[in-house]
Amino acid sequence: MSRRSLLRAVGGGAALSALAGCGVPAAYIGPGERGASDRSRQDKRLTFANWPLYIDTDDKDKTRRPSLDAFEKRTGIDVRYTEEINDNDEFFGKISPSLMNHQETGRDLIVISDWMCARFVRLGWVQEMDRAHQPNVTKYLDPLLRSPHFDPGRKFTVPWQSGITGIAYNKRRVGREIKHVSDLWADDLKGRVTLLSGLDEAFALLLQGDGVDVTKWTADDFHRMCDKVEKMVNSHHIRRFTGNDYIKDLSSGDVLACQAYSGDVIQLQADDPDIEFIVPEEGGELWAESLMVLNLARHKRNAERLIDYYYEPEVAASLAAWVNYVCPVPAARDILASSKDKELAELAEDPLIFPDDTMRERLAIARDITSKERTEFAKRWNALAGL
């Protein structure tokens, strides 16, 4: 089971809407109120919240995490690692009361999807990192990921892992190559196509298929795309909208082509070499799930050290080899390529972990949906997706 197969993203906005419905405003916190007295020097520990199955584990003892164990041994910092994030909105709802009321959350470091990171950054709920303490991040972070729309220069966020939203299909059953988003609408695929149900997971690739620059798309672009999807829903061309259960549909043959995540397909291909993943010629979305230091974190310096540790190419390589998503440290490729282990060396040539130049030219990070846009857009999209 892949890490993302546990994701239950439903388009975002639910937590904020619930808070607004209770009459509680999402309170912005100014820069001068985000920090707390840092205990890192005298208190050698930190609390790190992440998703399940998103860090390397020992084959013989799943409670051991080799890369994290090595960090603790090197630094003397005790890391309390929790796998408590199963859904972006659910986790937002869990910690937002503390953050909006300017209270500690009990967590120093978290990993959430960039579209949700955008919300935290806008609300002022995370602290700016000190890059003077993070030379590896400064040196090795992939240029494609350095300056997303919501966090220019990555002052508040650092990618943990990255990935691509593209198209997966069964080449043998389809009988031809798929190269464009528009290929999903071919008559012989009617009823055998799925799209991702989450607004933030689905819309960018569909806009790219319409030739839209997703770094600066507009409301008109969004509604024009929805009009097209609505026609495909009404004609029953789209079989359904899915979370990560598209994996099951594609494996069984119930679906021939679908929107998909790059990391999932690597694992599908191990069982079925007929499964292909493509970045459409019009482009694909590059996304990340990123590390952030929360407001009032008591171990900010320790958290920054841990982040920088994972940007050492050797450490990034070991993590990439285990999780199989796009590595945000391109220099890790050379580490894997030089491995005497054949399987590890082959990972260095996998464009779904280290995209080649041709693929990189077609990747873009979509601008985020603003808080003003989200209510309108989510209502339209959720009606289409049956959410």
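The values are calculated or read from the model by the stated rules, or taken from the named source; none is laboratory data. Quick caveat, the model's predicted, so the values are computed rather than measured. Please note: Cβ atoms are built from the backbone with ideal geometry, for glycine as well, and neighbour counts cover all protein chains shown.
Descriptive notes on the structure:
- Of all residues in the range 42-70, those satisfying the criterion of being assigned to a helix (DSSP H, G or I) and either among the β-branched types (Val, Ile, Thr) or more than 21 Å from SER162 (Cβ to Cβ) (or both) are PRO66, ASP69, ALA70.
- Only listed residue being crowded, with 18+ Cβ neighbours inside 10 Å, modelled with pLDDT under 90 and out of contact with any Lys or Arg (no Cβ under 9 Å at 6 or more places or on another chain), chosen from ARG65, ARG4: ARG4
- Per this entry, LEU195 is not counted among residues that are of a type in the set (A, V, I, L, M), in a helix (DSSP H, G or I), touching a residue at least 60 places away in the same chain (Cβ under 8 Å) and more than 27 Å from ILE55 (Cβ to Cβ).
- There is no residue in the range 131-151 that is surrounded by fewer than 18 Cβ atoms within 10 Å (Cβ to Cβ), at positive phi and free of Cβ contacts under 8 Å to residues at least 12 places away in the same chain.
- Filter pass, ILE167 being in a loop (DSSP other than H, G, I, E, B), crowded, with 17+ Cβ neighbours inside 10 Å, touching a residue at least 40 places away in the same chain (Cβ under 8 Å) and not assigned by TED's automatic domain parsing to the domain that holds MET292: no
- Within the range 179-215, being within 14 Å of ALA257 (Cα to Cα), surrounded by fewer than 21 Cβ atoms within 10 Å (Cβ to Cβ) and not polar (S, T, N, Q) holds for LYS179, HIS180, ASP183, TRP185, ALA186, ASP187, ASP188, LEU189, LYS190, GLY191.
- Where THR215 falls short, out of the listed (1) of a type in the set (Val, Ile, Thr); (2) closer than 24 Å to SER162 by Cβ; (3) without any contact (Cβ under 8 Å) to a residue 60 or more places away in the chain: (3)
- In the range 288-329, the residue that is surrounded by the fewest Cβ atoms within 10 Å (Cβ to Cβ) out of those that are modelled with pLDDT of 95 or more and of a type in the set (S, T, N, Q) is SER318.
- Filtered residues of the range 71-84 (kept if in a loop (DSSP other than H, G, I, E, B) and more than 17 Å from LEU319 (Cβ to Cβ)): GLY76, ILE77, GLU84
- Qualifying residue in the range 25-33 (condition: over 30 Å from ALA202 (Cα atoms), of a type in the set (Asp, Glu) and modelled with pLDDT under 90): no
- Of all the numbered requirements in (1) in the same structural domain as ASP38 (by TED's automatic domain parsing); (2) hydrophobic (A, V, I, L, M, F, W, C); (3) assigned to a helix (DSSP H, G or I), PHE377 misses one, and that requirement is (1).
- Segments classed as strands (runs of 3 or more DSSP E), wholly inside the range 215-323, with at least 2 members that are within 29 Å of ASN136 (Cα to Cα): 284-293
- Among the residues of the range 290-311, those identified as among the charged types (D, E, K, R) and either under 14 Å from GLY76 (Cα atoms) or not assigned by TED's automatic domain parsing to the domain that holds LEU144 (or both) are ARG301, ARG305.
- Look at (1) out of contact with any strand residue (DSSP E or B) (no Cβ under 8 Å at 6 or more places or on another chain); (2) modelled with pLDDT of 95 or more; (3) crowded, with 23+ Cβ neighbours inside 10 Å and you find that ILE238 fails only one, number (1).
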